Amino acid sequence: MKYDRVRDADPQVADALEAEVERQRDTLAMIASENHVSEAVLEAQGSVLTNKYAEGYPGSRYYGGCEHVDTVEELAIERAKELWGAEYVNVQPHSGSQANMAVYFAMLDPGDKILSLDLTHGGHLSHGHHANFTGQLYEVEQYEVDPETGYLDYEVLREHAEEFDPDIVVSGYSAYPREVEWDRIQEAAEAADAYHLADIAHITGLVAAGEHSSPVGVADFVTGSTHKTIRSGRGGIVMTNDEEYADAVDSAVIPGMQGGPLMHNVAGKAVGFEEALEPEFEEYAAQTVANAEALGESLQEHGFGLVSGGTDTHLVLVDLRESHEDVTGKDAEKALEAVGIVLNANTVPGETRSPFVTSGIRAGTPALTTRGFDEDDCRYVGDLIARVVNNVDDEDVKAEVAEDVQELCEANPLYE
Ligand code: DSN
């Protein structure tokens, strides 16, 4: 992949772009929220739609010349409705966080109450963290996973909801490896007469493909990112089945919080959604989950402890305290990055270290699966991770593993 026109205009940026293509080709992208979109999605995102202002919605814009962006946005909306079975969809949020912001701005007033999962237990910044606007504008209480099992405890959550009386209960997570029982969270929300926002950012693709149960039709609002497991253009999405809520969300997005939509990204969403409607996408999603399970089993065979004991999704969360007391998440992340395995240090339930150090690592299979990895490959990746984490300071071992990673990358080429 060459960036000749960029090179003519700006060799420094061209160098960085081409180096990034090489980096993605030559490393294993195991950050659970990342994926490799198709070249069709890349092309749509790099299109002339970046030039167009289109405040408003299809058929009702503040500017002229919107006939073609209207087509693109309508396609994105119709395809999203088909993928997730939602009645109303807004495809304009610039990111998953902005999608969540749209719901909060649509339904809450400053000072209203949010009940959400703690970040160190798998939640997300935009669910009420003190450093995020949600923690500053709203009154937040957080629930946790069961410290023994690593699973959500729906009974405790319901009691917490009854006691705290939130205005909204947030579900959907960034580092929770187990299937979520949306109806149980809905029961907790109903017990407090609260809205329920299910943020499926990580699992949009798994839900669309039927690999994870869907909160659409259960929760009042479903938000997501569009570039993770669903593998479309970068950004966010809001879905609901209630027309009144849909109108409120549309107004919250524009004029409430965003200006012109990023129509090139909306085009990338439309193209990626079309790809996800193909039958092969179901196979991709099923393989992603099977691969995460194989990776988890391999790590367990090497003595690693997994939060919740395994996975039902696209990711595993390793609690290093169970096997490597002296190796922090950051140590492991750095050693693995040095051999070409790119994942992230992650807090774990009951975390005692800072979020910049952590006691865990999170590893996902969406991007590896896009490259064609199967269960055997992922078991082998588990072997490689174990060799590195067992020898974080051994440069010879790391050099050997780096060669093994290169072989895997060459056997599963990317952006040829
Ligand atoms: N950065 C994403 C993740 O890694 O989970 C969430 O926004």
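The table below gives the values:
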read-out: Where Thr223 falls short, out of the listed (1) more than 14 Å from the chain's Cα centre (by Cα); (2) within 22 Å of Asp109 (Cα to Cα); (3) not aromatic (Phe, Trp, Tyr); value: (1)
read-out: Selected residue (only one of Ala16, Ala99, Ala80, Ala32 is exposed (fewer than 15 other Cβ atoms within 10 Å of the Cβ) and either out of contact with any helix residue (DSSP H, G or I) (no Cβ under 8 Å at 6 or more places or on another chain) or touching a residue at least 12 places away in the same chain (Cβ under 8 Å) (or both)); value: Ala16
read-out: Test for Arg362: is it touching a residue at least 12 places away in the same chain (Cβ under 8 Å), basic (Lys, Arg) and outside any helix (DSSP H, G or I); value: yes
read-out: Looking only at region 288-306, and only at residues there that are assigned to a helix (DSSP H, G or I) and more than 22 Å from the chain's Cα centre (by Cα), the one that is surrounded by the fewest Cβ atoms within 10 Å (Cβ to Cβ); value: Glu301
read-out: Total residues in region 226-239, condition open to solvent by 10 Å² or more (accessible area, probe 1.4 Å) and at negative phi; value: 3
read-out: Subset of region 158-178 [free of Cβ contacts under 8 Å to residues at least 40 places away in the same chain and closer than 19 Å to Pro215 by Cα]; value: Arg158
read-out: Boolean, Ser33 is within 16 Å of the ligand (Cβ to nearest atom) and within 30 Å of Gly340 (Cα to Cα); value: yes
read-out: Boolean, Tyr63 is touching a residue at least 60 places away in the same chain (Cβ under 8 Å), over 23 Å from Thr223 (Cα atoms), away from the ligand (no atom under 16 Å from the Cβ) and part of a loop (DSSP other than H, G, I, E, B); value: no
read-out: Scope region 240-261; condition closer than 18 Å to Ala76 by Cα, in a loop (DSSP other than H, G, I, E, B) and open to solvent by less than 40 Å² (accessible area, probe 1.4 Å); matching residues; value: Gly260, Pro261
read-out: Subset of region 153-166 (residues that are open to solvent by 10 Å² or more (accessible area, probe 1.4 Å) and within 25 Å of the chain's Cα centre (by Cα)); value: Asp153, Tyr154
read-out: Sole residue being farther than 24 Å from Arg25 by Cβ, open to solvent by less than 40 Å² (accessible area, probe 1.4 Å) and touching a helix residue (DSSP H, G or I) at 6+ places or on another chain (Cβ under 6 Å), chosen from Gly310, Gly329; value: Gly310
read-out: Looking only at region 229-274, and only at residues there that are out of contact with any Gly (no Cβ under 7 Å at 6 or more places or on another chain) and within 16 Å of the ligand (Cβ to nearest atom), the one that is nearest to Gly172 (Cα to Cα); value: Val238
read-out: Region 280-305 residues that are of a type in the set (Val, Ile, Thr), paired with ones that are surrounded by fewer than 23 Cβ atoms within 10 Å (Cβ to Cβ) and not in a helix (DSSP H, G or I) (beta carbon under 9 Å, 6 or more apart); value: Thr288/Ala209; Thr288/Glu211; Val289/Glu211; Val289/Asp312
read-out: Criterion (over 27 Å from Thr347 (Cα atoms), among the aliphatic types (A, V, I, L, M) and either more than 16 Å from the ligand (Cβ to nearest atom) or not in a loop (DSSP other than H, G, I, E, B) (or both)) met by exactly one of Ala188, Ala86; value: Ala86
read-out: Unmet criterion (only one of (1) β-branched (Val, Ile, Thr); (2) farther than 26 Å from Ala40 by Cα; (3) assigned to a helix (DSSP H, G or I)) for Val327; value: (3)
read-out: Region 113-150: number of residues that are assigned to a loop (DSSP other than H, G, I, E, B) and crowded, with 16+ Cβ neighbours inside 10 Å; value: 10
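A quick yes/no check of all residues on (1) open to solvent by less than 60 Å² (accessible area, probe 1.4 Å); (2) β-branched (Val, Ile, Thr); (3) within 16 Å of the ligand (Cβ to nearest atom); (4) closer than 25 Å to Thr313 by Cα:
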position: Asp10; (1), (2), (3), (4): yes, no, no, no
position: Thr50; (1), (2), (3), (4): no, yes, no, no
position: Tyr53; (1), (2), (3), (4): no, no, no, no
position: Gln92; (1), (2), (3), (4): yes, no, no, no
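The values are calculated or read from the model by the stated rules, or taken from the named source; none is laboratory data. Keep in mind it's a predicted model, so treat the numbers as computed, not measured. Every residue, glycine among them, receives a Cβ derived from its backbone with ideal geometry; neighbour counts consider all protein chains shown. Heavy atoms of the whole protein, side chains included, go into the accessibility calculation; ligands, DNA and RNA do not. Shrake-Rupley method; radii C 1.70, N 1.55, O 1.52, S 1.80 Å.
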